[in-house]
Amino acid sequence: MSGLYQAIEPYETGMLEAGDGNLLYWETCGNPNGKPAVVLHGGPGSGCTPWHRRLFDPAAYRVVLFDQRNCGRSTPHASEPGIDLAKNTTSHLVEDIELLRERLDIEQWLVLGGSWGCSLALTYAERHPDRVTEMVLFGVTTGRRAEADWLFRGGVSLFFPEQWERLRAALPTGAAEGDIVQAYNRLLFDSDAAVRERAAFEWCMWESATPAWPPAPGLAPRFTDPKFALAFARIVTHYIRHDMWIEDGALLRDVERLADIPALLVNGRFDFQSPIVNAWALHRAWPRSELVIVDNAGHAADNSGITRELVRATDRFAGNEGRNHATDARQPLGGRLESRRELAG
């Protein structure tokens, strides 16, 4: 049993005018009078999915989801031939979150983010701590250069040498000796559509290698859509080659700004994309955080153990002592480390 709430549909949707010609898709789900919460998806460039809606009790929460600039249902889409991503930066996304909050007339909200969404959530919360009631972060990242180098510049290749060699081999002669992220970004914007398509495919093959535990071979299903794959690869390499527009180490340094905000951090023990050390460093710097490590889980957020912990967190923050976790819902957050084993079978 995954622990997810039942599938629901939005009761309201819209396109937010964010400036610079950007229209951002947003939706609200659950109870219009419920506790506000906003979901910040990963990637960058993944877009929100119906799975995100099901992490919240629809009777208790007013859940806000949106697709970040140039991905999902937002326009213009990053797969378009002449797309310019210059106005897609971390600061732009933080401004978009605030614009959406004001548009929906929300004073404060819980912020939930996964993977890249963690770095974005931390950036947003540290700039606007008065707007955040609680935080739920999973597949934890903190926007450090070393984290990007680990995943995209060869660190994790220690565990995936065959897949890493394939990624390098698809580059033009000599290009693999430089910054592989820069090299792929150039190919993804090449004037030849065939070059762009192949670069997107190879990049997404690498992205498919590392999320699951045990690792899964082949191309992840979401990347079989060529438009999605190209947009995703373009946005990811755009952000990584600019160090995500986050000063190295700044999010950990400034976490003291979140001293009054409780948080639940969830990480798979075998998360190759976001190793536990990221969550551990954040937990140590943030006294009101609780870290839960899910054994037998990787980075993939739809792992049933990770899902259960996320629902456990949103239930607790809603004051919900029912359905899944009556005992834990009564326990205060702050300073705990727990390890939970997801039993096979």
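The values are calculated or read from the model by the stated rules, or taken from the named source; none is laboratory data. Only a predicted model underlies this, so the values are computations on that prediction, with no experimental measurement involved. When we count neighbours, we look across all protein chains shown, and the Cβ atoms used for this are built from the backbone with ideal geometry, even at glycine. Areas reflect the complete protein model, heavy atoms only, side chains present, ligands, DNA and RNA absent. Shrake-Rupley method; radii C 1.70, N 1.55, O 1.52, S 1.80 Å.
What is the set of long-range amide H partners of Glu134 at a cut-off below 5 Å, with H atoms built 1.01 Å from backbone N?
Leu110, Val111
Karplus couplings for the stretch 43-56 from phi (6.51 cos²θ - 1.76 cosθ + 1.60, θ = phi - 60°), rounded to Hz, Gly and Pro as x?
x, x, x, 6, x, 7, 9, x, 4, 4, 4, 7, 7, 10
Keeping all protein chains in the complex and leaving out DNA, RNA and ligands, what accessible area do you get for Ile83 with a 1.4 Å probe, in Å² to the nearest 10?
Per-residue accessible area (Ile83): approximately 20 Å².
For the stretch 1-114, just say rounded, prolate or oblate: build the C-alpha gyration tensor, square-root its eigenvalues into a ≥ b ≥ c, call rounded for a/c under 1.5, and beyond that prolate if a/b exceeds b/c, oblate if not.
Working: a/c = 2.15, a/b = 1.60, b/c = 1.34.
It is prolate, given that a/c is not under 1.5 and a/b is the larger ratio.
To the nearest 10 degrees, how steep is helix 116-127 against the longest Cα principal axis of the chain, on a 0 to 90 scale?
That works out to roughly 60 degrees.
Round to the nearest 10 and give me the degree value, 0 to 90, for the angle of helix 304-317's Cα axis relative to the longest principal axis of the chain.
Tilt relative to the chain: about 40 degrees.
Report, to the nearest 10°, how far helix 226-241 tilts away from the longest principal axis of the Cα atoms in the chain, using its own Cα long axis and a range of 0 to 90°.
The two axes meet at around 90 degrees.
Using Stokes-Einstein with the Kirkwood hydrodynamic radius over Cα pairs, what translational diffusion coefficient do you get for the chain at 20 °C and a viscosity of 1.002 mPa s, in µm²/s rounded to a whole number?
Numbers: Rh = 20.3 Å.
Using the Kirkwood radius from Cα pairs, D works out to 106 µm²/s.
Keeping all protein chains in position, work out how much accessible area His238 exposes to a 1.4 Å probe, and write it in Å² to the nearest 10.
About 10 Å², ignoring ligands and nucleic acids.
Distance between Cα centroids, the stretch 6-51 to the stretch 137-205: provide it in whole Å.
Centre-to-centre distance over Cα atoms comes out at 29 Å.
Can you classify the stretch 262-325 as rounded, prolate or oblate using the Cα gyration tensor, where a ≥ b ≥ c are the square roots of its eigenvalues, rounded means a/c under 1.5, and otherwise it's prolate if a/b beats b/c and oblate if not?
Details: a/c = 3.05, a/b = 1.24, b/c = 2.45.
Oblate, since a/c reaches 1.5 and b/c is not below a/b.
How far is the Cα center of the stretch 56-81 from the Cα center of the stretch 233-290, in Å?
So the two Cα centres are separated by 22 Å.
Tell me, what is the per residue accessible area of the chain in Å², probe radius 1.4 Å? Spell out each step's value before the answer.
Working: 14070 Å² over 345 residues.
Heavy-atom accessible area per residue stands at 41 Å².
Roll a 1.4 angstrom probe over the protein heavy atoms and tell me the percent of accessible area of the chain that is carbon or sulfur.
Details: 7230 of 14070 Å².
Carbon with sulfur: 51 percent of the solvent-accessible area.
Could you sort 184-197, 203-216 so that the peptide with the highest average Cβ count within 10 Å comes first and the rest follow in order?
On the way: 184-197: 16.3, 203-216: 19.7.
Top to bottom by mean Cβ count within 10 Å: 203-216, 184-197.
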